[in-house]
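Enquirer: Below are the structure tokens for one structure; questions will follow.
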Amino acid sequence: MTNYIQQPMPPGSTTGAVLNPWDDDAQPGALGRGQRAAFSITTFNSFFQYTMPLFGAFVADQYWGRFRTITAALCVDIAGHLILVVSALPPVLKNLDGSLAALIIGILVIGFGTGGFKPNISPLIVEQLNLGPMRVATLPKTGERVIVDPAVTTNKVYNWFYFFVNVGSLVGQIGMAYTERYVGFWLSFTLPTIVLALAPIVLVAGRKRYSAQARPAGSILVPAMRTFFLANNGRWSLNPWRTWKNLHDGTFWDRVKPSAFSPETRPAWMTFDDKWVDELRRGFNACATFTWLPLYWICYNQSE
């Protein structure tokens, strides 16, 4: 995508591929928008695809469930990939502004699809294991008695899962780099579209094989944000020093624990216990660490 946006169309090319593949200095390209535009668009693409999973997880937990959300998200994702393919077709590349517009629309659509897929696929996998607590089992073929450890089993399943994720990523990136150089960007965008189109078929064909499809039980995002805003209530002032003292007086989370309210004053949505608020506090403390990661990645991507 960086080459597609940044580099100009090679002389005589209509697809972005180089005409002389033996010329090591020849660079595939299409839109010719320069390095800053390429960096801005690809960075926004990364930001959008890592932000939208918050929305996808909320929809799955609150309304649709993971299986339905993943299936719908894949359809949206495929539509976005098709828009990318269209943006790189030779007739469309004759109008570079139109091609850029199609590229941006495709990125936005893919972001929504990825947002529904990324946060839900890993929980859907572990739901199928149905392990329960550690137990002793007898193997049906050999009669051997073994200890079934849910932690070990889960780790093994995810090792295989991420192994294939990374193998697919490696093969895809190598294949796309060669096709953009020797054929054109339209084929580079078509390859992942073809592979992605297989996923809904697998889901639909095997839907009866899934042993566990948890129904939506409500997202914790809504009560978490309500609790956070309630904890902030009355702590902000035009005086920065007073605001800082109010936010760091050690009672920020304690004052929004259910035990701090009487039955008459407790909000109706506060159906959790004090332990849940303690877990929420640890989650927000972890997020404070992650706030530095965007600064790191902006600098890292700029150095490439």
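The values are calculated or read from the model by the stated rules, or taken from the named source; none is laboratory data. Computed from a predicted model, the values in this text were never measured in an experiment. Glycine also receives a Cβ, built like all others from the backbone with ideal geometry; neighbour counts cover every protein chain displayed.
Enquirer: Which residues, taken from the range 241-299, are among the hydroxyl-bearing types (S, T, Y) and touching a Ser or Thr at 6+ places or on another chain (Cβ under 6 Å)?
Expert: Once the filter is applied, which keeps residues that are among the hydroxyl-bearing types (S, T, Y) and touching a Ser or Thr at 6+ places or on another chain (Cβ under 6 Å), the range 241-299 yields only T243.
Enquirer: Also: Picking from E127, E180, E144, which residue would you name as being among the acidic types (D, E) and buried (at least 16 other Cβ atoms within 10 Å of the Cβ)? Give the derivation first.
Expert: Working: E127 fails: buried (at least 16 other Cβ atoms within 10 Å of the Cβ); E144 fails: buried (at least 16 other Cβ atoms within 10 Å of the Cβ).
Residue meeting the stated conditions: E180.
Enquirer: While we're on this one: In this structure, does M225 turn out to be outside the structural domain of Q62 (by TED's automatic domain parsing) and modelled with pLDDT of 90 or more? Step through it out loud before you land on a result.
Expert: Details: outside the structural domain of Q62 (by TED's automatic domain parsing): yes; modelled with pLDDT of 90 or more: yes.
The answer is yes for M225.
Enquirer: Here is a follow-up. Among the candidates T271, T243, single out the residue that is of a type outside the set (D, E, K, R), assigned to a helix (DSSP H, G or I) and either in contact with a Phe, Trp or Tyr (Cβ under 7 Å, 6 or more places away or on another chain) or closer than 17 Å to I220 by Cα (or both).
Expert: T243
Enquirer: What pairs come up if the first residue lies in the range 135-163 and is in contact (Cβ under 8 Å) with a residue 40 or more places away in the chain and in the same structural domain as I125 (by TED's automatic domain parsing), the second is exposed (fewer than 12 other Cβ atoms within 10 Å of the Cβ) and not charged (D, E, K, R), and their beta carbons are under 9 Å apart, counting only those six or more places apart or on different chains?
Expert: none
Enquirer: For the range 168-194, which residues satisfy the criterion of being touching a residue at least 24 places away in the same chain (Cβ under 8 Å) and under 18 Å from the mean Cα position of the chain (by Cα)?
Expert: G168, P192, T193
Enquirer: Restricting attention to helices (runs of 4 or more DSSP H) lying wholly within the range 1-117, give those where 2 or more residues are under 30 Å from V222 (Cβ atoms) and not acidic (D, E). Show your work before the answer.
Expert: Working: elements: 2-6, 34-59, 66-87, 90-93.
The qualifying helices (runs of 4 or more DSSP H) are 34-59, 66-87.
Enquirer: I would also like to ask the following. Scan the range 50-86 residue by residue and report those that are of a type in the set (S, T, N, Q) and in contact (Cβ under 8 Å) with a residue 60 or more places away in the chain.
Expert: So in the range 50-86, the residues of a type in the set (S, T, N, Q) come out as 51, 62, 69, 71.
T51, Q62, T71 - these are the residues of the range 50-86 that are of a type in the set (S, T, N, Q) and in contact (Cβ under 8 Å) with a residue 60 or more places away in the chain.
Enquirer: How many residues, within the range 264-304, are surrounded by fewer than 10 Cβ atoms within 10 Å (Cβ to Cβ) and touching a helix residue (DSSP H, G or I) at 6+ places or on another chain (Cβ under 9 Å)?
Expert: Counting residues in the range 264-304 that are surrounded by fewer than 10 Cβ atoms within 10 Å (Cβ to Cβ) and touching a helix residue (DSSP H, G or I) at 6+ places or on another chain (Cβ under 9 Å) gives 1.
Enquirer: Here is a follow-up. Consider P200 carefully, then state whether it is in contact with a Cys (Cβ under 8 Å, 6 or more places away or on another chain) and either surrounded by fewer than 11 Cβ atoms within 10 Å (Cβ to Cβ) or part of a helix (DSSP H, G or I) (or both).
Expert: Details: in contact with a Cys (Cβ under 8 Å, 6 or more places away or on another chain): yes; either surrounded by fewer than 11 Cβ atoms within 10 Å (Cβ to Cβ) or part of a helix (DSSP H, G or I) (or both): yes.
Yes: the conditions hold for P200.
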